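Presented below is the structure to which this report refers.
The values are calculated or read from the model by the stated rules, or taken from the named source; none is laboratory data. Note that this is a predicted model, so its numbers are computed, not measured. Using ideal geometry, Cβ is built from the backbone for each residue, glycine included, and neighbour counts are taken over all protein chains shown.
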Amino acid sequence: MRLHYAKLFKLLKERNISKTILQKKLRLSSTTIAKLSKNEPISMKVLEDICVFLSCQPGDILELIDEEERSLLNQLREEMKMRLKGGLYHQTQILFSYNTNRIEGSQLSKEQTRFIYETNSIALEGSSVTSIDDILETVNHFRCFDRMLEVADQELNEDIIKEFHRILKTNTSDSRKDWFNVGEYKKMPNMIGDTKTTEPSKVKGEMVKLLTNYNSLQTKIFEDIVEFHTQFEKIHPFQDGNGRVGRLILFKECLRNGIIPFIIDDEKKLFYYRGLKEFDRDKQYLIDTCLAAQDKYSEMIEYFIPSQL
């Protein structure tokens, strides 16, 4: 069992009281505020002072939770609802959006991505020019990640996949092209490098078959999720945005199946692409690339919530 102060932060938000205000009003130390943010024990005096200040009972601001009942998904959802700054959810949003968009050619830096997330504005360097689509797709990915967390425990289906694509492409220049078909399967053929993908007329049938086979697995392991990803990318069901949608699905399905998720770094892009291309010949190459990414994300989880792993 472990103390959690999610109720406190929810109450503060409802009353429009920031942690800074709480600290000043009660003359709390920065260490105490940090303990509250990390769900660590505080003194009875501090607990009493908070209750008096908020005119509430201890049960209104804290609860004991069985850690075995807390999943990584619940943790991310809780931090999302609280809009907790500086936590695992916050950092995941920035790293995921930066890397997945960078892989697809976005010119935004990690710091620019962080600035957009934290301030809802963009910082340009010198006289540099930034694509509006890069900015929009960054913001859209933040929104799509939230939606992914909301549906993460649901069985994967076409509606979820199409919704991810619609959110990612909303208001971009692509969305203004009728033939682009945002939120729906492609109308025109496309390729991955020099490799042909599924013809538009066959996409619906191939997606139904892929999802049926995947969802028929009673227990899904890491390798099953990676293999689904490769098959999804081979179909390439949308006109564009398939990589980003596919990597969101990877994260979702790991969460749903109690597997530590991962973020493919832009620096590992070439390994990732090679793994996808050669998967039928050598599955282990992509699996090892994804496992390395999983190790990296595990380190971040361990930093924020040591008891999770």
(message) Looking only at region 3-54, how many residues end up being surrounded by 14 or more Cβ atoms within 10 Å (Cβ to Cβ) and of a type in the set (D, E, K, R)?
(response) 5
(request) Considering only region 98-143, state which residues are under 26 Å from Leu270 (Cβ atoms), outside any helix (DSSP H, G or I) and not acidic (Asp, Glu). (result) Gly105, Ser106, Gln107, Leu108, Ser109, Ser128, Thr130, Ser131
(message) Yes or no: region 50-71 includes at least one residue that is assigned by TED's automatic domain parsing to the domain that holds Ala34, in a helix (DSSP H, G or I), in contact with a Leu (Cβ under 7 Å, 6 or more places away or on another chain) and aromatic (Phe, Trp, Tyr).
(response) yes
(message) Tell me yes or no: at least one residue of region 10-22 is farther than 19 Å from Lys81 by Cα, of a type in the set (A, V, I, L, M, F, W, C) and not assigned by TED's automatic domain parsing to the domain that holds Tyr303.
(response) yes
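Can you tell me which residue among Leu64, Leu73 is modelled with pLDDT of 95 or more and not β-branched (Val, Ile, Thr)?
On the way: Leu64 fails: modelled with pLDDT of 95 or more.
The unique qualifying residue is Leu73.
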(request) Give Ile122, Ile135 a once-over and let me know the one that is under 29 Å from Leu76 (Cα atoms), in contact with a helix residue (DSSP H, G or I) (Cβ under 9 Å, 6 or more places away or on another chain), surrounded by 12 or more Cβ atoms within 10 Å (Cβ to Cβ) and at pLDDT 95 or above. (result) Ile135
(request) Looking only at region 215-223, decide whether some residue is exposed (fewer than 11 other Cβ atoms within 10 Å of the Cβ) and at pLDDT 95 or above. (result) yes
